[in-house]
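Below is one structure, written out as structure tokens, with a few remarks after it.
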Ligand SMILES: [Fe+2]
């Protein structure tokens, strides 16, 4: 009941909480964050915001699909103010379910590059991850894996490792290829990669990197942060792994490397809308961008230098400029192509 009456106040106030100073202040002391990120270092993202604004961050963590389901099930009574998850394919699910509300914010529009946010402001990317190629240094020259297209060529028969085609990271990569190259070329690419696989798709991205180091494949597809984690590790086994393989940011001479995001937005039924927008804006501040990106070895979306040795060592790269909304829109087409070509 208490929650309901608080909601009633919030609804009466609407978006313009400024109209009723004290009630708005009481309303705005907290922001309820539903997050699919579970990184220790993300703690600083909550503490930093509270220190700056006095607004407490209540966190509800869950798996990517769980938090979307939970907000959906809670319906109009959901306490959720902000939803954060990883990969555009999942942000898209939340958008499609009608869970996100547009936010007009000069701060967010200025700090988040246009290709990494919804033109209507329903979602924003807060950090990026590149989908890169990891190759065996003793078997390949960088020029041989300079493009995603290379690993679909017959030269690579039996030499490619990749995780399942049903996984959102690969669905998003293929969605980007559909967006920039068209469905026909995307299908030919997927077909070519399947024909080149050194083993059936299995495991996560780190397993693909390990398979390359172990000589099972010459090249694998992986998100950049998995390799950054290995490069930054002080463990001997990781050092041995990092010594055997190298990273390639594909398609630097043409459309750029496919990137995805950790991101999210304002929940449509947010009871603490003002705080929620403040929190979203905080996430693009210099301070938060560093925490946000470093928490998972991702790249900040704003131009901020990180203190991440792996990322700084690799330097800047050209990213595919297609609006990542296309990655969401093309998920079903991508799945259909993977099914057709047998990328299990
Ligand atoms: Fe991941």
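No lab work stands behind these numbers, since they all come straight from the coordinates. Every value quoted in this text rests on a predicted model; they were computed, and no experiment measured them. Note that each Cβ is placed from the backbone with ideal geometry, even for glycine, and that neighbours are counted across all protein chains shown.
List of remarks:
- If the chain linking residue 63 and residue 287 were pulled fully straight, counting 0.36 nm for each residue of separation and taking away their Cα-Cα distance, it would gain 78.0 nm.
- Pairs of Cα atoms nearer than 8 Å and 6+ residues apart set the relative contact order; for the range 113-206 it is 32 percent.
- Between the C-alpha center of the range 303-344 and that of the range 29-86 there is a gap of 24 Å.
- Helix 64-74 axis, angle to the chain major axis (alpha carbon atoms, nearest 10°): 30 degrees
- D (Stokes-Einstein, µm²/s), Kirkwood Cα radius, the range 25-118, 1.306 mPa s at 10 °C: 109 µm²/s
- Most fluctuating residue given options 76, 228, 130, as computed from a GNM of the chain linking Cα atoms under 10 Å: 76
- Residues of the range 326-344 with amide N under 13 Å of a point placed 7 Å along Cα→Cβ from residue 199: none
- For the chain, the longest principal axis of the C-alpha atoms and the axis of helix 273-282 are separated by about 40°.
- The mean sequence distance of close C-alpha pairs (under 8 Å, at least 6 residues apart), as a share of the length of the chain, puts its relative contact order at 29 percent.
- Counting Cα-Cα pairs of the chain in 10 Å increments starting at 0 gives whole-percent bin shares of 6, 25, 32, 22, 11, 4, 1.
- When each of the peptides 303-309, 53-59 is scored by the mean number of other C-beta atoms lying within 10 Å of its residues, the order from highest to lowest reads 53-59, 303-309.
- Relative to the dominant Cα principal axis of the chain, helix 331-341 is inclined by about 20°.
- Among 106, 162, 334, the largest mean-square fluctuation in a Gaussian network model of the chain (Cα springs under 10 Å) belongs to 106.
- Sum of -39500 (n - 2.57) over DSSP H runs of 4+, divided by residues of the chain (222 nm, nearest 500): -12500 deg cm²/dmol
- Under a Gaussian network description of the chain, with springs only between Cα atoms under 10 Å, the residue in 204, 315, 295 that fluctuates furthest is 315.
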